[in-house]
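Take a look at the structure below.
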Amino acid sequence: MSLLRYIVCIVLLSFAAWIALACGSSRKLLSITVSPASADAQGYRNGEVPFVATGHYNSSPVTVTPLQANWGAALFQSENGTMVPTNGAVSVDANGVAKCGTSASGTYSIAASVQLPYSGPALPCPSPVYSNEAACPNVVGTAQLTCP
C-alpha cells in the first residue's frame, strides 16, 4: 500500500508543479539597455551598425543578452525633447542592425522595445519609438546613431 501512496503523491505533486508553472512567474522585465550607447555610422562597414539589446530582470538570470526585441528608429529633436518618425531615412532590421539612408543626416534614436503582458482595456499605443506615452505596457531602451 505504501508504493501506491508514493505514486499518488508524486502524481499530485507533479500536477501542482505544472499548475504553478502554467500560471506564470513573478519574473519581470525592468529595463532595457542598448549597446553601443552611441555610434557613428561612418565608422562601420557599409554604414551598418549592429545594436544589441540587454534585458534587466528582477530575478535570476537578471540580465539576458541578446534580448529579443522590436526595433525602430526616430529622429531626436533635442530642442523640445520629442521624437519624430524617420520616414525611411534610417532603417533597423529585426536583428537590431541600423543603416542610414541617403537622406539621413543628424542624430537618430535607435529603440529596442518589448511589450509587457497586459490584460486590461485596449490602450492607444503608438509605436514606443516615437511616443513618451507612459500608459503603453512596453519597456524601451534607446541608443543614438549619427548619420553623415
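The values are calculated or read from the model by the stated rules, or taken from the named source; none is laboratory data. The structure displayed is predicted, hence computed values, not measured ones. For neighbour counting, all protein chains shown are included, and Cβ atoms are generated from backbone atoms with ideal geometry for every residue, glycine included.
Residues of the stretch 99-116 that are under 15 Å from the mean Cα position of the chain (by Cα) and either part of a loop (DSSP other than H, G, I, E, B) or without any contact (Cβ under 8 Å) to a residue 60 or more places away in the chain (or both): Ser109, Gln115, Leu116. Filtering the stretch 38-64 down to residues that are surrounded by 14 or more Cβ atoms within 10 Å (Cβ to Cβ) and in contact with a Leu (Cβ under 7 Å, 6 or more places away or on another chain), which residue is nearest to Ser105 (Cα to Cα)? Here the residue is Ala41.
Filtering the stretch 73-86 for residues that are surrounded by fewer than 18 Cβ atoms within 10 Å (Cβ to Cβ), assigned to a strand (DSSP E or B) and modelled with pLDDT of 85 or more leaves an empty set. Set side by side, the residues Asn46, Asn58 differ, and just one is on the phi > 0 side of the Ramachandran plot and either more than 25 Å from the chain's Cα centre (by Cα) or modelled with pLDDT under 95 (or both), which is Asn46.
Return the residues of the stretch 33-51 that are among the charged types (D, E, K, R) and closer than 15 Å to Val92 by Cβ; say none if nothing qualifies. Matches in the stretch 33-51: Glu48 only.
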